[in-house]
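> I have a structure I would like to understand better, so I am pasting it below and will then ask my questions one at a time.
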Number of protein chains: 2
Amino acid sequence: MSGIAKVAELAGVSKSTASRALTGAGYVSESTRARVIAAAATIGYVPSTSAVSLATGRTRTIGVVMPYVNRWFFAEVLEGIQEALLEHGLDLTLYDAKPGSAGRRRIFEDFLARKRFDGLIAVGLEPADDELERMRAIDRPLVTVVGEDPSTSVVAIDDDHAVRRATEHLIALGHDSIVFLGGGAGSNWAHVDRRRLDGYLEAMADADLGDHVRHVPSDVSLPGGYAAAVDLLGGARRTPTAIVGVCDEVAIGAIIASRRLGIRVPTDLSVVGIDDHEYAEMFALTTLEQVPRSQGLAAVELLLAHIADPDHAPRQVRLQARLVMRSSTAPPATHETAAVGDMRVQRRRFADE
Amino acid sequence: MSGIAKVAELAGVSKSTASRALTGAGYVSESTRARVIAAAATIGYVPSTSAVSLATGRTRTIGVVMPYVNRWFFAEVLEGIQEALLEHGLDLTLYDAKPGSAGRRRIFEDFLARKRFDGLIAVGLEPADDELERMRAIDRPLVTVVGEDPSTSVVAIDDDHAVRRATEHLIALGHDSIVFLGGGAGSNWAHVDRRRLDGYLEAMADADLGDHVRHVPSDVSLPGGYAAAVDLLGGARRTPTAIVGVCDEVAIGAIIASRRLGIRVPTDLSVVGIDDHEYAEMFALTTLEQVPRSQGLAAVELLLAHIADPDHAPRQVRLQARLVMRSSTAPPATHETAAVGDMRVQRRRFADE
DNA sequence: TTGAAAGCGATACCAC
DNA sequence: GTGGTATCGCTTTCAA
């Protein structure tokens, strides 16, 4: 005999009473409760989670599906989720669903169907239609971080608005030659990135800069931003006076590229990002701050509400991004522009080589 | 009625037979097996994991404990582990045990004791004694990635040897003023970092450079390396001709700092790292390559062996790091050293400001 | 080759 | 307040 039965025996009560005493459900006199708890403590009783799950139908586990864990945003959200779950005593099972991978297929086809969780948090998934279907089919509360679907709860920032503000900041400074850098490389247009591009487009249009609009695609990563910026800034073609990065990683890549090319930031080139990435400070990047960690926390709270009350209506939590001014932006260098432009072409080779 | 009972009914067999047919344990005639499988398919049968766990004692889940998920090495290991587990159809539950956090305490005190996993992988944990004790106490196979303990299985690179090679590479190039950058900031000496420092110390001693030895502590992160390098290289004090970073993040931070200070890499300063970080290429960083993703895979395979055979002897898998030559290292600039040194002092302000 | 029945370790309903 | 017992969904002897 083991488990709760042993505790019961030790305390001289029945299993039912022991269970009630330990879980706090139902009436137990104070004295027996104390005895049961003491008994549990002496044998170091820990309930079997599978038995509990089988009996209650709850797993006390939350599933998290995300396409990357090695990118800043995702890692931060994950840490936020973990922190909140730890607080609530819930386990976190991770499903790393890399776009196009065999693993991802298995996750959607097999793993999710096992329902080893009371609820699911999907972070930046961009699910295909059949994937979305499967997530629906599992009949567990679902909260999305960075998502579209108005029929499920969503936590996200207002991307459109954030980029709009970033762009307007540049325009207010006097820039008109502003490039939107990142996203749309190959066939990969993530919804977020698209939405951010829209924010840029709108801000430009509103300022009558519609024909100055220019999007330069890149991988949405630091090296991706770097590579694209080297092409953009190192080329003989007219270079912009300002860049809006689709996210901080891309923006920072652009700053690094600028430095290597001998282009001074912000004197010759202004750069804004979106995120407030952990490296933003170090590159003095002006950016629109979002706090993915808090988004993770918020997602957990929302999900728990859904679990507690299945009829809880879907909620869209759209956070407002705050402008963090650092020193990667300045007014364009009006007079010297031409001269500097010339110089720049001459030193197309990396500045520190 | 539901679950396997329904499948059994549909196939016109008993639960036992259905179970055998589905799990492949025990004899079932081909024809009945086919019928059972068909029946399962028509109702979309998915076994209840809690019931299976309760009956078999196996959770088909692996626990992963790590102190960070937002650092390159850890994220990569995690992805490697996930990939391997997906392959095997196993779930991954994550325990993010930030040093000193309340969550960490709960993980070790409560979460692990629940044993919701068939085995545990601990990555770079640096557990306190009581924590180690608790991990032992849970009586589940344990594999460590980046660890010490010879009594448990370990997957890691030979850190000492890797840094030794990095240092020797610099020495062979003609450097003698070599700084070891990173680790040991505040009271945080991680074992790995300490071991890496040892490698440096040994290489220096072997080359009779014992009194040129110099360790500059820093946070083990990119901004940490950057900040420390700015101090080190921007100061009036004699600056080294070469730096060994405790890891690539620190090394890259140093490169970024150098560029800002107008110090050319590798002309004025050589830099080597350990890792082959995702950004190493972009900074042309010469480094000792380790592949954390493979370490994650290896850890899983090792763990599964332990689970399959509880008597499997502990194994220490020490991988050899490969030197990846890029262009952050070169012979020291012998003649111009003094002149350059002077210049450097003059332009202590950031080069692009 | 198949079926009946006994667990696995909890919860929860229903008497007492 | 407390105890007996059915139940959750599956695996696994043991007999047939």
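> Using the structure shown, decide if residue A:306 is modelled with pLDDT under 95 and in the same structural domain as residue A:146 (by the TED database). Quick ask: steps written out before the conclusion?
Details: modelled with pLDDT under 95: no; in the same structural domain as residue A:146 (by the TED database): yes.
So residue A:306 does not fit the description; no.
> Does residue A:227 fit the bill of being over 13 Å from residue A:167 (Cα atoms) and in contact (Cβ under 8 Å) with a residue 12 or more places away in the chain?
Numbers: over 13 Å from residue A:167 (Cα atoms): yes; in contact (Cβ under 8 Å) with a residue 12 or more places away in the chain: yes.
Here the answer is yes, as residue A:227 does meet what is asked.
> I'm checking my understanding of the structure. Among residues of region A:61-78 that are among the aromatic types (Phe, Trp, Tyr) and in a helix (DSSP H, G or I), which one is nearest to the other protein chains (Cβ to nearest Cβ)?
Within region A:61-78, the subset among the aromatic types (Phe, Trp, Tyr) is A:68, A:72-74.
Subsequent filtering for residues that are in a helix (DSSP H, G or I) retains A:72-74.
Details: A:72: 7, A:73: 10, A:74: 9 Å.
In this case the residue turns out to be A:72.
> A further question follows. Would you please name the residue that is nearest to DNA strand D (Cβ to nearest atom), looking only at residues in region B:53-71 that are farther than 21 Å from residue A:292 by Cβ and among the polar types (S, T, N, Q)?
The selected residue is B:56.
> While we're on this one: Just need a number here: residues in region B:79-106 that are part of a helix (DSSP H, G or I), of a type in the set (A, V, I, L, M) and within 7 Å of chain A (Cβ to nearest Cβ). Outline the logic, then answer.
Narrowing region B:79-106 to residues part of a helix (DSSP H, G or I): B:79-88, B:102-106.
Filter once more, so that each one left must be of a type in the set (A, V, I, L, M): B:81, B:84-86, B:102.
Filter once more, keeping what is within 7 Å of chain A (Cβ to nearest Cβ): B:86.
Within region B:79-106, residues that are part of a helix (DSSP H, G or I), of a type in the set (A, V, I, L, M) and within 7 Å of chain A (Cβ to nearest Cβ) number 1.
> Next question. Limited to region A:161-215, what total is found for residues that are part of a strand (DSSP E or B), within 19 Å of the chain's Cα centre (by Cα) and small (Gly, Ala, Ser)?
Taking region A:161-215 and keeping what is part of a strand (DSSP E or B), we get A:178-185, A:188, A:214-215.
Among the residues that remain, those that are also within 19 Å of the chain's Cα centre (by Cα) are: A:182-184, A:188.
With small (Gly, Ala, Ser) added as a condition, the list becomes A:182-184.
Here the count works out to 3.
> Going by what's in this entry, would residue A:84 be described as away from DNA strand C (no atom under 16 Å from the Cβ), assigned by the TED database to the domain that holds residue A:302 and either under 30 Å from residue A:124 (Cα atoms) or more than 44 Å from the chain's Cα centre (by Cα) (or both)? Don't jump to the end; show me each part of the working.
Numbers: away from DNA strand C (no atom under 16 Å from the Cβ): yes; assigned by the TED database to the domain that holds residue A:302: yes; either under 30 Å from residue A:124 (Cα atoms) or more than 44 Å from the chain's Cα centre (by Cα) (or both): yes.
Yes, satisfied.
> Right, another one. Identify all residues within region A:6-19 that are over 45 Å from the mean Cα position of the chain (by Cα) and more than 8 Å from DNA strand D (Cβ to nearest atom); write none if there are none.
Result: A:6, A:9, A:10, A:11.
> Okay, moving on. Restricting attention to region A:33-42, report how many residues are within 24 Å of residue A:56 (Cα to Cα) and either part of a loop (DSSP other than H, G, I, E, B) or not small (Gly, Ala, Ser) (or both). Reasoning before the result, please.
Step one: list which residues in region A:33-42 are within 24 Å of residue A:56 (Cα to Cα), which gives A:33, A:36-37, A:39-41.
Okay, now just the ones that are also either part of a loop (DSSP other than H, G, I, E, B) or not small (Gly, Ala, Ser) (or both), so A:33, A:36-37.
Number of matching residues: 3.
> Within region B:241-267, count every residue that is more than 16 Å from residue B:222 (Cβ to Cβ) and within 9 Å of another protein chain (Cβ to nearest Cβ).
4
> Given the conditions (1) more than 9 Å from chain B (Cβ to nearest Cβ); (2) more than 16 Å from DNA strand D (Cβ to nearest atom); (3) among the polar types (S, T, N, Q); (4) without any contact (Cβ under 8 Å) to a residue 12 or more places away in the chain, report the number of the one that residue A:2 does not fulfil.
Going through (1) more than 9 Å from chain B (Cβ to nearest Cβ); (2) more than 16 Å from DNA strand D (Cβ to nearest atom); (3) among the polar types (S, T, N, Q); (4) without any contact (Cβ under 8 Å) to a residue 12 or more places away in the chain one by one, residue A:2 breaks only (2).
> So which of A:105, A:116, A:20, A:60 is of a type in the set (Lys, Arg) and more than 26 Å from residue B:47 (Cα to Cα)?
On the way: A:105 fails: more than 26 Å from residue B:47 (Cα to Cα); A:116 fails: more than 26 Å from residue B:47 (Cα to Cα); A:60 fails: more than 26 Å from residue B:47 (Cα to Cα).
A:20 is the lone residue from the list that is of a type in the set (Lys, Arg) and more than 26 Å from residue B:47 (Cα to Cα).
> Output the residues belonging to region A:290-305 that are within 17 Å of residue A:159 (Cβ to Cβ) and surrounded by 19 or more Cβ atoms within 10 Å (Cβ to Cβ). Don't jump to the end; show me each part of the working.
Taking region A:290-305 and keeping what is within 17 Å of residue A:159 (Cβ to Cβ), we get A:290-292, A:294-295, A:298-299.
Hits for region A:290-305 are A:290, A:292, A:295, A:298, A:299.
> State yes or no: is residue B:50 without any contact (Cβ under 8 Å) to a residue 12 or more places away in the chain and under 30 Å from residue B:246 (Cα atoms)? Show your work before the answer.
On the way: without any contact (Cβ under 8 Å) to a residue 12 or more places away in the chain: yes; under 30 Å from residue B:246 (Cα atoms): no.
Considered against the rule, which asks whether it is without any contact (Cβ under 8 Å) to a residue 12 or more places away in the chain and under 30 Å from residue B:246 (Cα atoms), residue B:50 comes out as no.
> For residue B:24, are the conditions met, namely being on the phi > 0 side of the Ramachandran plot, within 14 Å of DNA strand D (Cβ to nearest atom), at pLDDT below 95 and more than 13 Å from every other protein chain (Cβ to nearest Cβ)?
Details: on the phi > 0 side of the Ramachandran plot: yes; within 14 Å of DNA strand D (Cβ to nearest atom): yes; at pLDDT below 95: yes; more than 13 Å from every other protein chain (Cβ to nearest Cβ): yes.
Taking the combined requirement at face value, the residue satisfies it.
> Have a look at B:5, B:25 and point out the one that is of a type in the set (A, V, I, L, M), touching a Lys or Arg at 6+ places or on another chain (Cβ under 8 Å) and over 30 Å from residue B:223 (Cβ atoms).
On the way: B:25 fails: touching a Lys or Arg at 6+ places or on another chain (Cβ under 8 Å).
None of the other options fit; the residue is B:5.
> Moving on to the next point. Given the conditions (1) within 12 Å of chain A (Cβ to nearest Cβ); (2) closer than 28 Å to residue B:249 by Cα; (3) more than 19 Å from the chain's Cα centre (by Cα), which single one is not true for residue B:111?
Every condition holds for residue B:111 apart from (2).
> Mind counting the residues in region A:268-307 that are away from chain B (no Cβ under 14 Å), closer than 20 Å to residue A:82 by Cβ and not acidic (Asp, Glu)? Spell out the reasoning first.
To start, the set of residues in region A:268-307 that are away from chain B (no Cβ under 14 Å) comprises A:272-274, A:286-290, A:294-295, A:298-299, A:301-307.
From what's left, closer than 20 Å to residue A:82 by Cβ: A:290, A:294-295, A:298-299, A:301-307.
Next, only the ones that are not acidic (Asp, Glu) stay: A:290, A:294-295, A:298-299, A:302-307.
Residues in region A:268-307 being away from chain B (no Cβ under 14 Å), closer than 20 Å to residue A:82 by Cβ and not acidic (Asp, Glu): 11 in total.
> For the list (1) of a type in the set (Ser, Thr, Tyr); (2) within 11 Å of DNA strand D (Cβ to nearest atom); (3) more than 14 Å from chain A (Cβ to nearest Cβ), I need the number of the one condition that residue B:50 fails.
(3)
> Which residue is farthest from DNA strand C (Cβ to nearest atom), if the candidates are limited to region A:1-55 and must be of a type in the set (Ser, Thr, Tyr) and surrounded by fewer than 16 Cβ atoms within 10 Å (Cβ to Cβ)? Explain how you work it out, then say what you get.
Filtering region A:1-55 for residues of a type in the set (Ser, Thr, Tyr) gives A:2, A:14, A:16-17, A:19, A:23, A:27, A:29, A:31-32, A:42, A:45, A:48-50, A:53.
From what is left, the residues that are surrounded by fewer than 16 Cβ atoms within 10 Å (Cβ to Cβ) are A:2, A:14, A:16, A:23, A:27, A:29, A:31, A:42.
Details: A:2: 5, A:14: 7, A:16: 3, A:23: 4, A:27: 9, A:29: 14, A:31: 18, A:42: 15 Å.
Only one residue fits best here, namely A:31.
> Same structure again: Is it true that residue B:89 is out of contact with any His (no Cβ under 9 Å at 6 or more places or on another chain), within 27 Å of residue A:75 (Cβ to Cβ), surrounded by fewer than 19 Cβ atoms within 10 Å (Cβ to Cβ) and modelled with pLDDT of 95 or more?
On the way: out of contact with any His (no Cβ under 9 Å at 6 or more places or on another chain): yes; within 27 Å of residue A:75 (Cβ to Cβ): yes; surrounded by fewer than 19 Cβ atoms within 10 Å (Cβ to Cβ): yes; modelled with pLDDT of 95 or more: yes.
It is true that residue B:89 is out of contact with any His (no Cβ under 9 Å at 6 or more places or on another chain), within 27 Å of residue A:75 (Cβ to Cβ), surrounded by fewer than 19 Cβ atoms within 10 Å (Cβ to Cβ) and modelled with pLDDT of 95 or more.
> Looking at (1) away from chain A (no Cβ under 13 Å); (2) free of Cβ contacts under 8 Å to residues at least 40 places away in the same chain; (3) surrounded by fewer than 16 Cβ atoms within 10 Å (Cβ to Cβ), which is the only condition residue B:150 fails?
Of the numbered conditions (1) away from chain A (no Cβ under 13 Å); (2) free of Cβ contacts under 8 Å to residues at least 40 places away in the same chain; (3) surrounded by fewer than 16 Cβ atoms within 10 Å (Cβ to Cβ), the odd one out for residue B:150 is (2).
The values are calculated or read from the model by the stated rules, or taken from the named source; none is laboratory data. These figures come from a predicted structure and were not determined experimentally. All Cβ positions, even for glycine, are placed from backbone atoms using ideal geometry, and neighbour counts span all protein chains on display.
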